[in-house]
There are 4 protein chains.
Amino acid sequence: MKRKIRMGMVGGGPGSFIGGVHRAAARLDGQIELVCGAFSQDPAKSKAMAAELFLPKARCYDNYAQMFARERALPAGERMDFVTIATPNVTHFPIAMQALDCGFHVVCDKPITFSLAEARKLRDKVRKTRLLFCLTHNYSAYPMIRQAKALIAKGKLGKVRKIVAEYDLGWLAAANAGKQAVWRVDPKRSGVSACVGDIGTHAEHLIEFVTGLKITEVCADLSTFVIGRSLDDDGTVMLRFNNGARGFIAVSEVASGEENQFKIRIYGSEGSLEWHQMNPENLIYRSNTQAMRIYRRSWAEQEPGIAALTRLPAGHPEGFIEAFANIYTNFAKAVDARLERKAFKPDYPTVDEGVREMAFVETVVKNSRGSRKWSKLPA
Amino acid sequence: MKRKIRMGMVGGGPGSFIGGVHRAAARLDGQIELVCGAFSQDPAKSKAMAAELFLPKARCYDNYAQMFARERALPAGERMDFVTIATPNVTHFPIAMQALDCGFHVVCDKPITFSLAEARKLRDKVRKTRLLFCLTHNYSAYPMIRQAKALIAKGKLGKVRKIVAEYDLGWLAAANAGKQAVWRVDPKRSGVSACVGDIGTHAEHLIEFVTGLKITEVCADLSTFVIGRSLDDDGTVMLRFNNGARGFIAVSEVASGEENQFKIRIYGSEGSLEWHQMNPENLIYRSNTQAMRIYRRSWAEQEPGIAALTRLPAGHPEGFIEAFANIYTNFAKAVDARLERKAFKPDYPTVDEGVREMAFVETVVKNSRGSRKWSKLPA
Amino acid sequence: MKRKIRMGMVGGGPGSFIGGVHRAAARLDGQIELVCGAFSQDPAKSKAMAAELFLPKARCYDNYAQMFARERALPAGERMDFVTIATPNVTHFPIAMQALDCGFHVVCDKPITFSLAEARKLRDKVRKTRLLFCLTHNYSAYPMIRQAKALIAKGKLGKVRKIVAEYDLGWLAAANAGKQAVWRVDPKRSGVSACVGDIGTHAEHLIEFVTGLKITEVCADLSTFVIGRSLDDDGTVMLRFNNGARGFIAVSEVASGEENQFKIRIYGSEGSLEWHQMNPENLIYRSNTQAMRIYRRSWAEQEPGIAALTRLPAGHPEGFIEAFANIYTNFAKAVDARLERKAFKPDYPTVDEGVREMAFVETVVKNSRGSRKWSKLPA
Amino acid sequence: MKRKIRMGMVGGGPGSFIGGVHRAAARLDGQIELVCGAFSQDPAKSKAMAAELFLPKARCYDNYAQMFARERALPAGERMDFVTIATPNVTHFPIAMQALDCGFHVVCDKPITFSLAEARKLRDKVRKTRLLFCLTHNYSAYPMIRQAKALIAKGKLGKVRKIVAEYDLGWLAAANAGKQAVWRVDPKRSGVSACVGDIGTHAEHLIEFVTGLKITEVCADLSTFVIGRSLDDDGTVMLRFNNGARGFIAVSEVASGEENQFKIRIYGSEGSLEWHQMNPENLIYRSNTQAMRIYRRSWAEQEPGIAALTRLPAGHPEGFIEAFANIYTNFAKAVDARLERKAFKPDYPTVDEGVREMAFVETVVKNSRGSRKWSKLPA
């Protein structure tokens, strides 16, 4: 790369959790610089954030429309290369559409949109504009998740039979869970689902990413345990896959005492894998005919290509931000390849995964409301 | 107690896993002595086992009918007090019925019978004979399971909202899994279900035991992954409970590489508990407002009565046999109380839990075959 | 075996921890029956224990001298085959000497005697009488310890370089730690060391057992943290071995909050092993060139002969009593071989290991008191 | 802060592990920007690194002397504020001295210098210049280490009695361990010790940091296992403390299969703490009178001030770089306070800790070579 890739940001104002994560992830490898932002719907808050980030005042905007218009007008050597969207779900779609229309590449937080229909329109727009679109399913960029994917691809598990993903959080166990919680359970800002939309999509994405299989049918039971909420805060979804495998996704945001307990297990005819996000540098391999193996990040028996996703020797813990940074750094390389007119095979989730996650969310919600056992995912 | 309680045994011949467990558990605390047996349908094998156990030849029988008849004819100071049934499921019912008819108390391996109808008949017989009947759901006698039950009963979790039990074994992952495996997947000997019948019943029992709640509805997806089997070897069952709680039981006997991975988690409005059978001396308590606690067997903050279920100081591992022995030793006390005409409140699973487990199995199997989402458990 | 082996017991009266362990371990596999005992220096307590154990009154003795004399006078078909000594250290020697003089095989709790001099005399007596003598270093009979020994013997670690054993207990952290604690820290009953004598000997034995190496020199720093005690309650001992390896033993009985935290690690030029007594079914193997392996009891990649030391399939936890029972059951086979005049290679710790442990204790205590850095262990 | 703090760097050229860590840590929180460097003794390599880091050519220097001279000549609004020294040990002293003489604040990798004498001279220089000096003992900035320090300070353990730190690496188990290994075991570049100097200093620092106690005497046994090395690659050091506590540090760089296994345990009269660097978000508290507690980063029961050392909610793993960044970000605040002429209480290790670590290293090495048991640390 000849220069750092220039990033703009919509959302991620004061009090936002995920905004800070996007910025730290973008910063970590030194390939990206934040050059502008419209951090809040409240211009004063946006300015406060810009000052904290040492941005020049001229590059702090009152809203995203203003930002896209003015950045577009800047000389090529100055204007942002891409925009990160870190706002509540409901606004992803209009912001992303306008960014693409203005010629900017996009990094978008998940879930991609408010509805499947929006996701499909966004996909069409991305295809038409041929711009880059990255969906930050960061868990898929943990090195040991990539190790799992590689081991499955090479047949280490035999035929995959059963896949289980569980994601438990306790943060919404009480009715009053703070400001961050408000929009999450508000159908006007979050969409048709809170819990499945927020964390079920992580589970769905990770399962399909790691195994290369597709969920074909779901049977769901969503719950709302905290009185007064209008969206789900817990759910179980039984799954069937295109190769005959079965499994389930279980999610909860009212799992008192759980921090961010995301786990996945994949069972095949010859062996199985288990990974816990809270202990992300371990990948457990079990089989009936061998002693248990624990693959460790940056240690022996790592599959090809995975070393490139790490920064430290084994035993020096890497975590969430590093996984997130793997997405950003790969995206920066993709942008650079565009600038340099070179070929580049992206290794980050795209708008296609976004369509897929919305199909999952909508099918699950519909199934949960009905008495029919199984519902097919739309293609 | 004035003397050891005398035990007879049906089943548990050469090659049986669970027969040896019953004998070791009965032996451990020195309150029970094995005095006779009909260990196999093959009298020669039965004799071989009796010799190995140092039993006098006269107390080794060719079959259970002979055993019950001859033992009954012995003087009170000599004949067995109770019989343990450790045979394949299909024979539990006739053996237990005859034992009760002959006046013997019964310890029966789980699942209790071949069908719900049999279980109900057996319950009637137990009630009529007023004899003691113990179903060896040994997992419920682990001290930390009792700690969990006590903590839930005293409200430590608030209102219980979600219950998850997962039980994964790898031993049937391949088609040819040895002699023990043959009868397990044979509908003529095992019943309408292999996997749910064998280990789903453990999960169902433990959930209801620990929480005091009742499963009211199930939605199930059972699978048979190994070609040629006519019974399930894997399944997921979504659950609804009588207090509004939800949850699921996930079981597999084709989970390659898993040993005996039985785990349970209970989430309430104020906290949650997690227990793993393979690490049975830990009970994890989590809440949103406290640091994680790990209760340890025989350590501080143990609820009343639990110390009586242990033999060793903390840090000296107790395991599966000790939990099993807790059932046997409590049953021995119950028999002794009968002998001494004293009151005794049994603390082991009974025929009622057996009826319950068969209702669960049959409802799950039926639901899994149909297209209706939810099925109610019969009362 | 034609019959159960008959055991007598000295010590292990009401309130004794280790007495109950010996009995449970002897009972577990059904190869041994307790036939008599002198359980306490107080005949009334001895009788109370005998009644609890359902022993006939005639076989409950007032003291060990009486027991040995009367048992000896019984017909061969009735008298005890061996005696277990489970008394405070100071009395091991006279009881064991007299038992051997009376022709009884001996099982003795550790540490073997009060002093190295006694241990050597006892060794001479055992050699002269050619009777069987077993020292219950039970930790050495855990299956995964045997796995470690086998792996080291076959060169899996390359050349052994460093050995670490740590044993931490919290039970003596406070001055008043109950009745059991009193004799442990009383030099008249315990010997020249409390902590090194009680648990340092376990560490010393396990190290030499697993590696096959010999400690040649020690440099020690023993401490007494609780005021008023005259013996050590904590210590660190640096070690040098006969092959050039180094290492240390660290022991504490004032490690607040620790249950029975005994761990061992062995590092070689090609790999290393780690085992924790509180998680005894795991044996961790690490190397610079492979993913971590965890060997599990009764699972794949188990070395020959180890399966015979287990009773249950993998994942059904075995613990402390099972390891202890491995010692007893092997000893029972040795006694049986004597009865049957058959050859038998014992697989339990003997009087030789007892001499070794006393040499260790005395050298450590002496070194700790002096200003010389290193002290050689007597041959 | 009004602007980012400007950093220069000496060392950290192509192939350096720790150089990249310093840069990532400085970058993570967005408070520091790297503006110049002399990354290698080879100017071509330095230029290559500068290009990779998108630095302007003018700010890439051939050597540190040139860098200090030219940066000093730049206008205040442009020149670097501080220099990070990430070179082999032998050069820390001359570089740091010159930087201070040129008026630059210093961040220096550990161990601080080649010898205790140098460390003392450096301390004098720091005091004389009144410039800021930060020694990057990054482990002390893990949030759960700060939690441990706070709990000990408030008396949660009672009187501290025993302290154990173990640090095991396998990377030098073989003779040929790569380029990074060469200077580490070269006495001309590393100093009087390899293993104690490299990782023993981490252990010594962390122990004194967490407990607030001082090591007063040591008794050491250092080893060199790999033939041909002239410095230690393994060692055990028994410790005595100024409050009467005891303990030990055990270090190895030939512990085959270990990644970066750094653990610390502190035992007091009322409780104990355990922390593992490879699982840094857990802090285990044990006591004889309570169930085990595991404090978790960003969860409940966190002591005051610790939340400021984290970026993510609990369960989103933070690791090594985040701890390192805590040091950098605090140092940046200290520099900013100087710029703004505000008071600031630094919360990072300083030159005083550097003198202390060199006193430890030299005393340990001397003791290990002699036959006297204990050696006092110089004041």
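Out of B:Arg296, B:Arg338, one residue alone is touching a strand residue (DSSP E or B) at 6+ places or on another chain (Cβ under 9 Å), surrounded by fewer than 24 Cβ atoms within 10 Å (Cβ to Cβ), in the same structural domain as B:Arg146 (by TED's automatic domain parsing) and not hydrophobic (A, V, I, L, M, F, W, C). It is B:Arg296.
Here the condition is being in the same structural domain as A:Met278 (by TED's automatic domain parsing) and within 17 Å of the chain's Cα centre (by Cα); of A:Ile152, A:Ile145, it holds for A:Ile145 alone. The set of residues in region A:328-379 being within 14 Å of chain B (Cβ to nearest Cβ) and either among the aromatic types (Phe, Trp, Tyr) or not in a loop (DSSP other than H, G, I, E, B) (or both) consists of A:Val364, A:Lys366, A:Asn367, A:Ser368, A:Arg369, A:Arg372, A:Trp374, A:Ser375, A:Lys376.
So, in region A:351-370, exactly how many residues are under 14 Å from the mean Cα position of the chain (by Cα) and of a type in the set (A, V, I, L, M, F, W, C)? Talk me through it step by step, then tell me what you get.
Within region A:351-370, the first condition is being under 14 Å from the mean Cα position of the chain (by Cα), and the residues that meet it are A:351-358.
Then drop every residue that is not of a type in the set (A, V, I, L, M, F, W, C), which leaves A:351, A:355, A:358.
Residues flagged as under 14 Å from the mean Cα position of the chain (by Cα) and of a type in the set (A, V, I, L, M, F, W, C) within region A:351-370 amount to 3.
Consider C:Ile145 carefully, then state whether it is within 14 Å of chain D (Cβ to nearest Cβ), touching a residue at least 40 places away in the same chain (Cβ under 8 Å), assigned to a helix (DSSP H, G or I) and more than 30 Å from C:Ile227 (Cβ to Cβ).
On the way: within 14 Å of chain D (Cβ to nearest Cβ): no; touching a residue at least 40 places away in the same chain (Cβ under 8 Å): yes; assigned to a helix (DSSP H, G or I): yes; more than 30 Å from C:Ile227 (Cβ to Cβ): yes.
It is false that C:Ile145 is within 14 Å of chain D (Cβ to nearest Cβ), touching a residue at least 40 places away in the same chain (Cβ under 8 Å), assigned to a helix (DSSP H, G or I) and more than 30 Å from C:Ile227 (Cβ to Cβ).
I'd like the full set of residues that are basic (Lys, Arg) and buried (at least 20 other Cβ atoms within 10 Å of the Cβ), limited to region D:341-372.
Of region D:341-372, the ones basic (Lys, Arg) are D:341-342, D:345, D:356, D:366, D:369, D:372.
Across region D:341-372, the qualifying residue is only D:Arg356.
Regarding B:Lys188, is this residue surrounded by fewer than 23 Cβ atoms within 10 Å (Cβ to Cβ), among the basic types (Lys, Arg) and farther than 30 Å from B:Glu118 by Cα? No: the conditions fail for B:Lys188. Residues in region A:139-157: is at least one touching a Lys or Arg at 6+ places or on another chain (Cβ under 6 Å) and farther than 27 Å from A:Leu312 by Cα? Looking through region A:139-157, none of the residues is touching a Lys or Arg at 6+ places or on another chain (Cβ under 6 Å) and farther than 27 Å from A:Leu312 by Cα.
Contact map, region A:326-349: residues that are acidic (Asp, Glu) paired with residues that are surrounded by fewer than 18 Cβ atoms within 10 Å (Cβ to Cβ), Cβ distance under 6 Å, separation 6+ or inter-chain. Pairs shown: A:Asp336/A:Met1.
Among the residues of region A:149-185, not one is basic (Lys, Arg), in contact with a Ser or Thr (Cβ under 9 Å, 6 or more places away or on another chain), within 24 Å of A:Ser252 (Cα to Cα) and surrounded by fewer than 19 Cβ atoms within 10 Å (Cβ to Cβ).
With respect to the conditions (1) of a type in the set (Asp, Glu); (2) more than 14 Å from chain C (Cβ to nearest Cβ); (3) under 23 Å from the mean Cα position of the chain (by Cα), D:Glu301 lacks only one, and its number is (3). Of all residues in region A:275-298, those being more than 7 Å from every other protein chain (Cβ to nearest Cβ), more than 14 Å from A:Ala203 (Cβ to Cβ) and in contact with a helix residue (DSSP H, G or I) (Cβ under 9 Å, 6 or more places away or on another chain) number 6. For D:Ala250, the conditions (1) without any contact (Cβ under 8 Å) to a residue 60 or more places away in the chain; (2) under 15 Å from D:Asp198 (Cα atoms); (3) facing another protein chain (nearest Cβ under 8 Å) are fulfilled apart from (1). So in region A:199-230, with the set limited to residues that are touching a Pro at 6+ places or on another chain (Cβ under 8 Å) and at pLDDT 95 or above, which one is nearest to B:Val160 (Cα to Cα)? In this case the residue turns out to be A:Thr201. Scanning region A:1-56 for residues that are among the basic types (Lys, Arg) and within 13 Å of another protein chain (Cβ to nearest Cβ), we see that the one that is surrounded by the most Cβ atoms within 10 Å (Cβ to Cβ) is A:Arg23.
Residues that are closer than 26 Å to A:Leu273 by Cβ and crowded, with 22+ Cβ neighbours inside 10 Å within region B:226-239 comprise B:Asp232, B:Asp233, B:Asp234, B:Gly235, B:Thr236, B:Val237, B:Met238, listed in sequence order.
Between A:Phe262, A:Phe241, A:Phe225, the distinction of being within 8 Å of chain B (Cβ to nearest Cβ) and not aliphatic (A, V, I, L, M) belongs to A:Phe225 only.
Out of A:Glu259, A:Glu274, I need the residue that is touching a residue at least 60 places away in the same chain (Cβ under 8 Å) and among the acidic types (Asp, Glu). Which one? Give the derivation first.
On the way: A:Glu274 fails: touching a residue at least 60 places away in the same chain (Cβ under 8 Å).
It is A:Glu259.
Considering only residues that are among the aromatic types (Phe, Trp, Tyr) and within 13 Å of B:Ala165 (Cα to Cα), look in region B:240-288 and name the one that is surrounded by the fewest Cβ atoms within 10 Å (Cβ to Cβ).
First, pick out the residues of region B:240-288 that are among the aromatic types (Phe, Trp, Tyr): B:241, B:248, B:262, B:267, B:275, B:285.
Applying the additional criterion that residues be within 13 Å of B:Ala165 (Cα to Cα) yields B:248, B:262, B:267, B:275.
Details: B:Phe248: 22, B:Phe262: 24, B:Tyr267: 31, B:Trp275: 25.
So the residue we want is B:Phe248.
In this structure, does D:Ala325 turn out to be within 14 Å of chain C (Cβ to nearest Cβ) and either closer than 24 Å to C:Gly170 by Cβ or not aromatic (Phe, Trp, Tyr) (or both)? It would help to see each step written out before you state the result.
Working: within 14 Å of chain C (Cβ to nearest Cβ): no; either closer than 24 Å to C:Gly170 by Cβ or not aromatic (Phe, Trp, Tyr) (or both): yes.
It is false that D:Ala325 is within 14 Å of chain C (Cβ to nearest Cβ) and either closer than 24 Å to C:Gly170 by Cβ or not aromatic (Phe, Trp, Tyr) (or both).
The values are calculated or read from the model by the stated rules, or taken from the named source; none is laboratory data. A quick note: this is a predicted structure, and the numbers were derived from the prediction, not measured. Methodologically, a virtual Cβ is constructed for each residue, glycine included, from the backbone with ideal geometry; neighbour enumeration extends over all protein chains shown.
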